[in-house]
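The values are calculated or read from the model by the stated rules, or taken from the named source; none is laboratory data. Quantities reported herein were computed from a predicted structural model and do not represent experimental measurements. When we count neighbours, we look across all protein chains shown, and the Cβ atoms used for this are built from the backbone with ideal geometry, even at glycine. SASA here: full protein model, heavy atoms, side chains in, ligands and nucleic acids out. Shrake-Rupley method; radii C 1.70, N 1.55, O 1.52, S 1.80 Å.
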Amino acid sequence: MTSEDFFKCIETQYNQQLPFVIYRKPNKQEVYALLQKSDKLFYTSEFTEQGFVFSPFDDTAKTVLMPLENSEYISTPTVNLKKVEVNTSKYIVDKQAKDYHINLVNNGVEAIENKQFKKVVLSRKEKVNLSEGNPFTIFKKLLNKYPSAFVYCWYHPKVGLWLGATPETLVKIEGNRFSIMALAGTQVYKDTLDVVWKDKEIQEQKFVTDFIVDSLKPSAESIKISDTTTVKAGSLLHLKTMISAQLKSNSNLKDVILAIHPTPAVCGLPKQAAKTFILNNENYNREFYTGFLGELNLEHITSPRAGSRNIENRAYTFKKKSTQLYVNLRCMQLKALQAMVYVGGGVTISSNAEKEWEETVSKSLVIKSVL
C-alpha cells in the first residue's frame, strides 16, 4: 500500500471516530496500522490475545486491547517524509511549575533519607498550545526525527489520542526466549557517545538492572546480562543494559509483565513504596505516560539469514508469533488544540533538585521540538 493510501485509510478512520494505532519499530522503515472496526473498548488481563495493547502506569488499572480479530491490519513499506521544520523555540519557565517540581524532588530525597525507598521517578505534565492539531503531521515529524525510537499514534474515542517516540523496550518475546532493556540516567548529547557518567546515574542504572534480574528469577531461567553501554535517543544520552532469558515451562508473558511493570526506570525501588509516593505526591494523573504499549502475539513472516549455507533454505519463510512492548516515554496526549507533554527523571539520595528540574526541561524540549 502506498504511503498516501495508507494515511487516507487512517484519516477516514479518525474522521469516523473509530479506534486505530499507527506505529514504526526502531530502525525500521515499514509503518503498520491496526484499524478497529467498532468503537467498543476491549481490555486484556491475560495477554494471550493477538493485537495491540496500551497499558497505564498504574498496574492495578486495565490494559486496553485493539484485538486483531476485530481490526484491519495494514502497512506501508515506507513513509514519504518531506524535510520537516522542527521547532527550536526557547524554554519559557513557568515559575509555579518549577517551584512545585523542585519541592517534589526535595520531598522525594527526604523520603529516601528516611529509608522509605531507594529511588523514585518523579514527573510532571506541561500544556502546550498548538496552532494546528493534526496528529498525522506530528506523527510524520516524529518518524523523521527519531529513526531509532518506537514511534506511534494511538487513538480511541473513549480514551483519547496519544503520540510518542520512545527509546525504551519493556519486553520482546518470541516463543519462550525474551529480552528486556534496562535504561536509566540522562545527559544531553554533545557530538560524542564517549562521556563520563556520574555515580548517581551509574547507581540508578544498577538499581534498574538488579530489580529486573531479581524480579525475573521466579519465572525465568538462563538469565544473561549484557555490558552497560551509552546510547543516543534524539538529543539525549542514556545508559543501557540488555537482559535476556528463557521462560520456565510453567510461566508465561503475563508473569513477566506483572513482575517488571512499572520498572524502577519509571517508578522506583522498592516498587510498591515508590508507586504509593508517586500517586500521593505528583499533582496529576500520569494515565498512559510510563505505561507500556505494543504488539501482542502478532505473527511475522521471517526469512532465513542470507548467509545460510543451504541455498534451497533461503526460499522458505516461516511465521512466528512475537510480542514487542515498549515503555511509553517521550510522549504527549492531544486534546483539541493542546498537547499535554509528560516528562520525568529518577531521584536517588544524591539527587540535586535544580538539576532534576533541568533534566525535565531538556526532555520536554526534545518532545516539543516537533510541535
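How far is the Cα center of the range 324-361 from the Cα center of the range 117-143, in Å?
8
Summing +1 for each Lys or Arg and -1 for each Asp or Glu, what net charge is found among the other residues whose Cβ lies under 10 Å from the Cβ of Tyr100?
0
Please report, as a whole percent, how much of the solvent-accessible surface of the chain comes from carbon and sulfur atoms (probe radius 1.4 Å).
Exposed carbon and sulfur together represent 49 percent of the surface.
Rounded to the nearest whole Å³, what is the per residue volume of the convex hull around the Cα atoms of the range 102-253?
For the range 102-253, the hull spanned by Cα atoms encloses 194 Å³ per residue.
Taking the Kirkwood radius as the inverse of the mean 1/r across Cα pairs, report the Rg/Rh of the range 206-310.
Here the Rg-to-Rh quotient is 1.04.
Normalised by the number of residues in the range 37-161, what is the relative contact order in percent for Cα pairs under 8 Å and 6+ residues apart?
Computed over the range 37-161, the figure is 20 percent.
Determine how large the accessible area of Glu204 is when every protein chain is in place; take a 1.4 Å probe and give Å² rounded to the nearest 10.
About 10 Å², rounded to the nearest 10.
Summing Lys, Arg as +1 and Asp, Glu as -1, what charge do residues with Cβ under 14 Å from the Cβ of Gly294 carry, Gly294 excluded?
+1
Add -39500 (n - 2.57) for each DSSP H run of 4 or more in the chain, then divide by its residues: what number comes out at 222 nm, to the nearest 500 deg cm²/dmol?
Helices in the chain give a 222 nm mean residue ellipticity of -8500 deg cm²/dmol.
For the chain, calculate the relative contact order in percent as a whole number, restricting contacts to Cα pairs under 8 Å that are 6 or more residues apart.
Reported as a whole number, the value is 25 percent.
Please compute one quarter of the surface area of the Cα convex hull for the chain and express it in square nanometres.
Computing the convex hull of the Cα atoms and averaging its projections yields 19.6 nm².
For the range 212-231 and the range 168-203, what is the centre-to-centre distance using only Cα atoms, to the nearest Å?
So the two Cα centres are separated by 13 Å.
DSSP H helices in the chain with Cα extent of 24 Å or more along the helix axis and mean Kyte-Doolittle hydropathy at least -0.5?
Both cut-offs are met by 199-216.
According to the square roots a ≥ b ≥ c of the eigenvalues of the Cα gyration tensor, what is the shape class of the range 1-57, taking rounded for a/c under 1.5, prolate for a/b larger than b/c otherwise, and oblate for the remainder?
Oblate.
Scan the chain and report its longest stretch carrying no trypsin sites (Lys or Arg not before Pro) that are both in a DSSP loop and have at most 16 other Cβ atoms within 10 Å.
The longest such stretch corresponds to 310-371.
Please calculate how many Å² of accessible area the chain carries per residue, with a 1.4 Å probe and no DNA, RNA or ligand atoms counted.
With all protein chains present, the chain gives 47 Å² per residue.
Which of rounded, prolate, oblate describes the range 1-138, given a ≥ b ≥ c as roots of the alpha-carbon gyration tensor eigenvalues and a/c under 1.5 marking rounded, otherwise prolate only if a/b is larger than b/c?
Cα axes put the range 1-138 in the oblate bin.
In percent, how large is the relative contact order of the range 207-293, given Cα pairs closer than 8 Å and 6 or more residues apart?
28
Can you work out the FRET efficiency for the pair Ala97 and Asn15, with r the C-beta to C-beta distance and R0 = 35 Å, to the nearest 0.05?
0.50
What does the accessible area of Tyr32 come to, in Å² to the nearest 10, when a probe of 1.4 Å is used?
40
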